[in-house]
Amino acid sequence: MTHDTPTQDTPTQDTLRLGAFFYATGHHVAGWRHPSSEADGGLVLERYIGWARRAEAAKFDLVFLEDGTGIRDASLRSSERTARSTHFEPVTLLSALAAVTERIGLVATTSTSFNEPYNVARRFASLDHLSGGRAGWNLVTSASDAEAANFGNDGIALHADRYERAEEFVDVVLGLWNTWDDDAVVIDRASGQFSKPDGFRPLDHRGKHFAVRGPLNISRTPQGQPVLVQAGSSGPGKDLAARTAEIVFTANQTLAEAVEFYGDLKERMAGFGRGREDLKVMPGLFPVVGRSEAEARAKFEELQALIDPVVGLALLERMIGGFDLSGYDPDGPVPDLPESNGAKSRQQLMFDLARREGLTLRQLYLRIAGARGHAQIVGTPAQIADEMEERFRAGGADGFNIMPATLPGGLDDFIALVLPELRRRGLFRQDYEARTLRGHLGSRPPAAPPRQER
Ligand SMILES: Cc1cc2nc3c(=O)[nH]c(=O)nc-3n(C[C@H](O)[C@H](O)[C@H](O)COP(=O)(O)O)c2cc1C
């Protein structure tokens, strides 16, 4: 059992945590059309192995895979023109990557709206065993009606109801992960005792959404329990994260937004008896780097020139709450739309960005085609390191979820050009200090629900 609980070799918090956020063919919506990208990446394991090994050799904390339980575009016409319509289920893929990597964390997204807690607890416990303690679960409640339609629903549940279910869901998963003692498995052939008496026990959870007897049918994991990650940024999202998450992924544009979000979230933790250091805030960062600013700009403009208006508008429709924008003048202002029942914070971010920069619909979809509202920096290694250092020192981030525009090119550029600059400034590790994801983070797991006595 390799519980990397915080010790003297736990990484100190004056270095950044970095995630490698892999989107098949890269994050720029037209990335697959760029001649340098591995456009078939969504379905070729060797591609992911190559990207994951690059990230591990560069000492990233984790690989992160997003997920949707369905093709999320409103119309399949645009889905036919993106590389996002076909890709591996993330836990399945990370199980394969676990066998060809040794130290890098493996974080997959799974929805609480379209899964059962017992299956999710089992899946991530298996990944933690398979990877020797490197698993993380990114909890989302899913935000698109297109996904709900794959599970017999006309639309997603109300935002508040999705989070209410998620709150109970995560407690059941935490409870199941804790139904086994660390030393339960004894394999005593002589006495015939495979597990020690009372080494595992039922959960007997009865709640509004779930009734789960347990125990889990897989023993306690190398980390004790996989790392909980969260990506919701609304009020209910922040409360759930403050109570249960060890990493929060988020999207913010300005330094002020980043500092405000960070401060609010860390303050909420005290209300749940948790220390600020037990949660790492890692906003998304979309870097396009060149040896000169002009080179970086040219790389970015090359991708922008490949944007298909149908695909660009469809992405904005998703990011702004799932509304059909085809009836509006693309060169007109962003219309006032009802509050979304989907990704509330992302919709607000789109409105704020459009208002702040006075963007038309077309300008907005061109503006978010790469980073989908996350921070976007096109520049030299020093310029990108400056922005990262400023947000880190100002209390706006503990690290970043790096979003390469294309793969492998965008990742290679970041590793070759930006990481040396971060290391020169003492902002990123030279080598791994720990063997588990929680060890890389230096965090403590959230409290599990009280145990049932047998
Ligand atoms: C870095 C990041 C990754 C995300 N990954 C996913 C994902 O894989 N699947 C998903 O359905 N939503 C994903 N989301 C969206 C969130 O789950 C959530 O819907 C969104 O942040 C809005 O949350 P809110 O409704 O609490 O404001 C992601 C968000 C962020 C910031």
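The values are calculated or read from the model by the stated rules, or taken from the named source; none is laboratory data. Keep in mind that this is a model prediction, so the values were computed, not measured. Reconstructed Cβ throughout: ideal geometry from the backbone, glycine too, with neighbour counts over all protein chains shown. Ligands, DNA and RNA are stripped out before the accessible areas are found, and what is left, the full protein with its side chains, is counted by its heavy atoms. Shrake-Rupley method; radii C 1.70, N 1.55, O 1.52, S 1.80 Å.
Among residues other than S144 with Cβ under 14 Å from its Cβ, the summed charge is -1 (Lys and Arg +1, Asp and Glu -1).
Grab the other residues whose beta carbon is less than 14 angstrom from that of A251, score K and R as +1, D and E as -1, and report the net. The answer is +3. With angles folded into 0 to 90 degrees, how steeply does helix 45-57 sit against the dominant principal axis of the chain? Use alpha carbons for both and round to 10. That helix lies at roughly 80 degrees to the long axis. Here the gap between E89 and E277, fully extended at 0.36 nm per residue and compared with their Cα-Cα distance, gives a gain of 64.5 nm.
For the pair K196 and E267, the difference between a 0.36 nm per residue extended length and the Cα-Cα distance amounts to 21.4 nm. Counting only protein heavy atoms and using a 1.4 Å probe, the accessible area of S36 comes to about 60 Å².
If both residues of a DSSP beta bridge must be in the chain, then about 15% of such bridges are antiparallel. Number of Lys-Lys pairs in the chain with C-alpha atoms under 26 Å apart and a separation of 8 or more places or on different chains: 10. The gain in end-to-end length when the R393 to N115 segment is fully stretched comes to 96.2 nm, 0.36 nm per residue minus the alpha carbon separation. Positive contributions from Lys and Arg (+1) and negative ones from Asp and Glu (-1), summed over other residues with Cβ under 11 Å from the Cβ of T92, come out at -1. Helix 117-130 and the long axis of the chain differ in direction by around 90°, with both axes built from C-alpha atoms.
Scanning residues 5 or more positions from A375 or on other chains, those with amide H under 5 Å from its amide H are N252, G284, F286, with H placed 1.01 Å from N in the peptide plane. When peptides 84-92, 187-195 are ranked by their average number of other Cβ atoms within 10 Å per residue, the highest-first order is 84-92, 187-195. With θ taken as phi - 60° and the Karplus curve 6.51 cos²θ - 1.76 cosθ + 1.60 applied, the whole-hertz 3J(HN,Hα) list for segment 390-397 is 4, 5, 5, 5, 7, x, x, 6 Hz, x standing for glycine and proline.
Working ranking of peptides 317-324, 331-338, 121-128 by packing, defined as the average number of other Cβ atoms within 10 Å per residue, highest first, is 121-128, 317-324, 331-338. Once the Cβ-Cβ distance between A96 and A298 is put in as r, and R0 is 45 Å, what FRET efficiency do you end up with, to the nearest 0.05? The formula returns an efficiency of 0.80 here.
For H205, the solvent-accessible surface computed with a 1.4 Å probe is close to 40 Å², ligands and nucleic acids excluded.
Rounded to the nearest 10 degrees, the angle from helix 344-357 to the longest Cα principal axis of the chain is 30 degrees. Karplus-derived 3J(HN,Hα) values for segment 265-274, using 6.51 cos²θ - 1.76 cosθ + 1.60 with θ = phi - 60°, are 5, 5, 5, 4, 4, 4, x, 10, x, 10 Hz; glycine and proline are entered as x. Apply the Karplus curve 6.51 cos²θ - 1.76 cosθ + 1.60, θ = phi - 60°, to the phi angles in segment 326-331 and return the couplings in whole Hz, x for Gly and Pro. These are the phi-based 3J(HN,Hα) values: 5, x, 9, 5, x, 9 Hz. Averaging the sequence gap over all C-alpha pairs within less than 8 Å and six or more residues apart, then dividing by the number of residues, gives segment 308-368 a relative contact order of 43 percent.
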